[in-house]
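Structure, as structure tokens:
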Amino acid sequence: MAAAPRTLKALEIDAATVPGRIEGVSLGLEAGQVVGLVGPNGSGKSTLLQVAAGLLPGGAVRWDGRPLGEIPILDRGRLAAWVPQETRFEFGFSVRAVVEQGRFAHADDGTGVDAALAEFDLDALADRPVDRLSGGERQRVLLARALATRAPLLLWDEPLAPLDIRHALQVVELARRLARGGGTVVFSLHDLRLAETLDQVAVMEHGRLRALGRPESVLTADFLRAVFGVRASRGTGLEMELP
Amino acid sequence: MERVRAEVKSTPCARPARVLAIALLLAGGAAAAPVRVVSQTVGTDEALLAVARPDEIAALSPLAHDPEFSAVAKESAGYPVLRVGGDAESVLRFRPTVVLCADYSRIELVSQLRTAGVRVLVFDRYATLADAYDMLRRIAAELGGGAPARASAVIADCQRRVAALQRRLAGVKPVRVLTPSTYGLVPGEGTTFEDLCEHAGAINLAASLGHLRGNAPPPGEQLLTWPVDKLVLGGSSMAASLAPFRALPPYAYMASVREGRAVLLPPWVLGCVSYRRVDGYYFLARALHPGRVP
Amino acid sequence: MSSGSKDRADGLLWGAGALLVLLMAASLCLGDLRLPPSQVWAGLLRRDSWFATVVWEIRLPRTVVAVLVGAALSASGLVMQAFFRNSLASPGLLGVSSGGAAGAVLAIAFGWASLSLWSLPLAAAAGAAAATLAVVAFARRGATTDRLILAGLALNALLGAVTGYFLCRHTDVFDRNAQMVFWLMGGLEDRTWTHVLIALPIVLAAAWLWPLGRPMDLLSLGQAEAQSLGVDVRRLRRQLLLLSTVLTAAATAVSGPVGFVGLIVPHILRLLAGPAHRRLLPLSLVGGAAFVLACDLASRLIGGLPLGIVTALIGGPYFLWLLRRER
């Protein structure tokens, strides 16, 4: 009997350890999913995303089955896009110029840039210098730049935090669209209600991965009590979605 | 540089000897290209004025006209001076054929002058009287013509005067001196001041007691224990020259300063490196041993 | 970049280039020898040996050194600003100029400087290189921005102390002291073709730097971000550090420490042409050259004011003006 073909996972991490921040984190994510990374403050979410993006050394990381060490740095720009939690723009590049930087690894200057700008409602701001933007606008620029890379693996660190409710929902909708197209989106967030609507949820606590799986099986009341220290119950409250 | 050469036309006519004589004279005059000398230091200014003809002097050092530093402030009045801190062009303005500098001149300047085809004489020894005579001889040799003879005459005159001074000061009790300064250094062994003292019947305590070599910071408190007979100051007014030291430690506490026991020399004497220091010997000797030296 | 600002940047480059050519011509015509332009021209074409000497041996090397020094310091400043993500970074941040100063002062103090035309510049270059190596060594283990800046601060202080020591210690040889002070103020008097030769690494470094404009854009907005976009950040930072050091060291070696060029020129050009390094690099090179040449001309016209003082006299008011603008 022939062995079943091994499906390549979009992202695989083996025992990632960064002293003082995360320890022994292992996970495997299949392509076509939107994964929410949750956990209390200081649980290592940002660190894990950085390790996954190859920005911090700390464990064996594989993208689509290829070990990170074997992928040249330039190619990595095409294969994964990482968005930091906050960033400072020292110089006044225009919004468009920053989004164009996403094409660096492709060595072309413009493909898909207009689409990325439109996706995040940045057309009107295209010529504004980035050092004159609000926090939310800056975040959208970073996301647009990540989108412009057309990378199949997207690693976003708290992308929704500075965004208003409409833009936040748009980002999640975009993530779902990208996943349907075969991409993999992993982003950290604090809104557990939103995390519940995603494909998978990964929970970090004190630098360890406590759980990874479908939201309904992970985010049980007992689990939430143990990890987050809150009592959860289901009821109806204010719910919002895109019109 | 462009030179004017006299063309001698020979004509196949009478009196060939006279024509030959004129030709030789003209050739002799034209062969020696005019010498123009620029001097960059006060010491070489003084030496140059002693041996050169006026038309041979193109420019003098920036301090040449300053009686504080130059022994020839009056004699140099008619000559142009260099700009302070100038570059090669500011020297070449005077179209020199020879430039006199010291060993501390910037090497880039010396190099550029040589590139421009100018002969540069560098003087690196000027502490003793023998060095001063050498300076005269070197400059005179460079000038040629009547200069070496003038140099020899000046040297002979200096030697005579120095010998005369020695005779007058024979057996005199040397006066213990010190020359203070407001910028934290006093001259010790191997300086021109030391040389001055040796020839004027004085003992430089900075060298003999302090064992200071060259220009060195004085040992602050020890200074007060030195038995200074007279201070040697440069300037035109005793009061003005003494005043700064009355307020400056450690000099302010010295008996010689408080009592005003000092001799005053023309200011250029203390820094003189050329043969004019012989005048300096006489100034100092006269001040320290009034009976002996007229 | 929108085409409008691209055209403007191109226009600026042409303008700066034209200005540079004009300034070079002016530089050849200016000097204590007061040669009228016809004689300068005759000298340039070597029709007359005396004028040719003045133009080719005295004025032209000085002009070329001014151009090289200006280009180097400005490009180096631009690199530092991208490297440290701070538009107020300067070439001397990591102690390169202090190292050069210490090396030169040592050479003058011990008399090596008067041995040959090469001694002083080489000593300065050696000092500059040693300083940079020291900074990088101090900041080992991940040479992060903060560690580098701290190491640079420490080294600037130490080297300043060394320089100060020799200035004090050798006050007895007044003229050596004067030479040290003269050199420390920066200046282009009597530069020769030897100095041009010593400054040649500037051309090589500039050529190497030229294609790095695009990755510098990314680096200037964040190291980690640049890395994730495909820039080999470690390699790029090493290259930038090396190039900035070579540029600053070579410039300091031939002209002494000249401040503010690396700070002001990229700053102004960024205001005029935008922050894209692909445009800013050639602009900085040409603009910096024009700036230093203009300052040298000013220094000659004012009667020999040291170059470093002229640039400082321009630098101070510039930053005061910036302060007023920010408000």
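The values are calculated or read from the model by the stated rules, or taken from the named source; none is laboratory data. Everything numeric in this text was worked out from a predicted model, so none of it was measured. Please note: Cβ atoms are built from the backbone with ideal geometry, for glycine as well, and neighbour counts cover all protein chains shown. Each accessible area value is taken on the protein alone, full model and side chains, heavy atoms only, with ligands, DNA and RNA left out. Shrake-Rupley method; radii C 1.70, N 1.55, O 1.52, S 1.80 Å.
Looking at segment A:28-57, which of the residues that are touching a helix residue (DSSP H, G or I) at 6+ places or on another chain (Cβ under 7 Å) and away from every other protein chain (no Cβ under 14 Å) is farthest from A:ASP157 (Cα to Cα)?
Among those that are touching a helix residue (DSSP H, G or I) at 6+ places or on another chain (Cβ under 7 Å) and away from every other protein chain (no Cβ under 14 Å), it is A:GLY32.
Name the strands (runs of 3 or more DSSP E) wholly within segment B:191-267 that hold at least 3 residues that are within 14 Å of chain C (Cβ to nearest Cβ) and closer than 23 Å to B:PRO294 by Cβ?
Values: elements: B:202-204, B:230-234, B:262-265.
Strands (runs of 3 or more DSSP E) meeting the threshold: none at all.
Test C:LEU88 against the criterion of being in contact (Cβ under 8 Å) with a residue 24 or more places away in the chain, crowded, with 20+ Cβ neighbours inside 10 Å, farther than 20 Å from C:ARG191 by Cα and away from chain B (no Cβ under 14 Å), and give yes or no.
Working: in contact (Cβ under 8 Å) with a residue 24 or more places away in the chain: yes; crowded, with 20+ Cβ neighbours inside 10 Å: no; farther than 20 Å from C:ARG191 by Cα: yes; away from chain B (no Cβ under 14 Å): yes.
The answer is no for C:LEU88.
In segment C:171-192, what count of residues is obtained for those that are facing chain B (nearest Cβ under 9 Å), part of a helix (DSSP H, G or I) and farther than 19 Å from C:PHE260 by Cα?
Count: 5.
Exactly one condition in (1) in a loop (DSSP other than H, G, I, E, B); (2) basic (Lys, Arg); (3) within 30 Å of C:ARG169 (Cα to Cα) is false for B:ARG95; which is it?
Here B:ARG95 meets the rest and fails (3).
Can you tell me which residue within segment A:99-108, out of those that are more than 7 Å from chain C (Cβ to nearest Cβ) and assigned to a helix (DSSP H, G or I), is most open to solvent (accessible area, probe 1.4 Å)? Talk me through it step by step, then tell me what you get.
Pass one, segment A:99-108, residues more than 7 Å from chain C (Cβ to nearest Cβ): A:99-100, A:103, A:106-108.
Subsequent filtering for residues that are assigned to a helix (DSSP H, G or I) retains A:99-100, A:103, A:106.
Working: A:VAL99: 0, A:GLU100: 30, A:ARG103: 14, A:HIS106: 56 Å².
Restricting to residues being more than 7 Å from chain C (Cβ to nearest Cβ) and assigned to a helix (DSSP H, G or I), the top hit is A:HIS106.
Is segment A:59-73 home to any residue that is within 7 Å of chain C (Cβ to nearest Cβ) and assigned to a helix (DSSP H, G or I)?
To start, the set of residues in segment A:59-73 that are within 7 Å of chain C (Cβ to nearest Cβ) comprises A:73.
Next cut, assigned to a helix (DSSP H, G or I) only: A:73.
Checking segment A:59-73: at least one residue is within 7 Å of chain C (Cβ to nearest Cβ) and assigned to a helix (DSSP H, G or I).
Where in segment B:99-188 are the helices (runs of 4 or more DSSP H), entirely inside, with at least 3 residues that are within 15 Å of the chain's Cα centre (by Cα)?
Working: elements: B:107-115, B:129-143, B:147-168.
Fully inside segment B:99-188 and qualifying: B:129-143, B:147-168.
In this structure, does C:SER27 turn out to be away from chain B (no Cβ under 14 Å), under 22 Å from C:VAL292 (Cβ atoms), open to solvent by less than 50 Å² (accessible area, probe 1.4 Å) and of a type in the set (Ser, Thr, Tyr)? Show your work before the answer.
On the way: away from chain B (no Cβ under 14 Å): no; under 22 Å from C:VAL292 (Cβ atoms): yes; open to solvent by less than 50 Å² (accessible area, probe 1.4 Å): yes; of a type in the set (Ser, Thr, Tyr): yes.
No.
Considering only residues of segment B:43-57 that are in a helix (DSSP H, G or I) and open to solvent by 70 Å² or more (accessible area, probe 1.4 Å), which is farthest from the other protein chains (Cβ to nearest Cβ)?
Of all residues in segment B:43-57, those in a helix (DSSP H, G or I) come to B:43-51, B:54-56.
With open to solvent by 70 Å² or more (accessible area, probe 1.4 Å) added as a condition, the list becomes B:54-55.
Values: B:PRO54: 23, B:ASP55: 21 Å.
Once the filter is applied, the top-ranked residue is B:PRO54.
Looking only at segment C:211-230, which residues are without any contact (Cβ under 8 Å) to a residue 60 or more places away in the chain, open to solvent by less than 10 Å² (accessible area, probe 1.4 Å) and out of contact with any Phe, Trp or Tyr (no Cβ under 7 Å at 6 or more places or on another chain)?
Across segment C:211-230, the qualifying residue is only C:ALA226.
Which ones in segment B:207-250 are among the polar types (S, T, N, Q) and either open to solvent by less than 80 Å² (accessible area, probe 1.4 Å) or without any contact (Cβ under 8 Å) to a residue 12 or more places away in the chain (or both)? I'd like the intermediate steps shown before the answer.
First pass over segment B:207-250, keeping only residues among the polar types (S, T, N, Q): B:208, B:215, B:222, B:225, B:236-237, B:241.
The answer is B:SER208, B:ASN215, B:THR225, B:SER237, B:SER241.
Quick one: C:ARG191 ticks every box in (1) basic (Lys, Arg); (2) closer than 30 Å to B:ALA116 by Cα; (3) open to solvent by 60 Å² or more (accessible area, probe 1.4 Å) except a single one, so which number is it?
(3)
Considering only residues that are crowded, with 18+ Cβ neighbours inside 10 Å and of a type in the set (Phe, Trp, Tyr), which ones fall in segment A:185-227?
A:PHE187
Please find, among A:ASP64, A:ASP75, the residue that is acidic (Asp, Glu), within 16 Å of C:ALA226 (Cα to Cα), open to solvent by 20 Å² or more (accessible area, probe 1.4 Å) and more than 14 Å from the chain's Cα centre (by Cα).
Details: A:ASP64 fails: within 16 Å of C:ALA226 (Cα to Cα).
None of the other options fit; the residue is A:ASP75.
Across segment B:109-147, what is the number of residues that are within 14 Å of chain C (Cβ to nearest Cβ) and either of a type in the set (Ser, Thr, Tyr) or in contact (Cβ under 8 Å) with a residue 12 or more places away in the chain (or both)?
Total satisfying the criteria: 15.
Residues being out of contact with any strand residue (DSSP E or B) (no Cβ under 9 Å at 6 or more places or on another chain) and surrounded by fewer than 17 Cβ atoms within 10 Å (Cβ to Cβ): count how many of those fall in segment C:1-12. Break it down stepwise before answering.
Of segment C:1-12, the ones out of contact with any strand residue (DSSP E or B) (no Cβ under 9 Å at 6 or more places or on another chain) are C:3-4, C:6-12.
Narrowing the set further to residues that are surrounded by fewer than 17 Cβ atoms within 10 Å (Cβ to Cβ) leaves C:3-4, C:6-8, C:10-11.
Number satisfying all stated conditions: 7.
Would you call A:LEU122 in a loop (DSSP other than H, G, I, E, B) and open to solvent by 10 Å² or more (accessible area, probe 1.4 Å)? Spell out the reasoning first.
Details: in a loop (DSSP other than H, G, I, E, B): yes; open to solvent by 10 Å² or more (accessible area, probe 1.4 Å): no.
Criteria not met by A:LEU122.
Would it be correct to say that C:PRO275 is of a type outside the set (Ser, Thr, Tyr), part of a loop (DSSP other than H, G, I, E, B) and within 14 Å of chain A (Cβ to nearest Cβ)?
Against the criterion (of a type outside the set (Ser, Thr, Tyr), part of a loop (DSSP other than H, G, I, E, B) and within 14 Å of chain A (Cβ to nearest Cβ)), C:PRO275 qualifies.
Is there any pair with a first residue in segment C:307-322 that is open to solvent by 60 Å² or more (accessible area, probe 1.4 Å) and a second that is outside any helix (DSSP H, G or I) whose Cβ atoms are under 9 Å apart and which are 6 or more apart or on different chains, and what are they?
C:LEU313/C:LEU305; C:ILE314/C:PHE260
Just for segment B:58-92: of the residues that are open to solvent by less than 10 Å² (accessible area, probe 1.4 Å) and outside any loop (DSSP other than H, G, I, E, B), which one is nearest to B:VAL269 (Cα to Cα)?
B:LEU60
One line per residue, one yes/no per condition, for (1) at pLDDT below 90; (2) in contact with a helix residue (DSSP H, G or I) (Cβ under 7 Å, 6 or more places away or on another chain); (3) assigned to a helix (DSSP H, G or I):
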residue	(1), (2), (3)
C:MET216	no, yes, yes
C:GLY230	no, yes, no
C:ARG237	no, yes, yes
C:LEU242	no, no, yes
C:THR245	no, yes, yes
C:THR248	no, yes, yes
C:GLY262	no, yes, yes
C:PRO266	no, yes, yes
C:GLY287	no, yes, yes
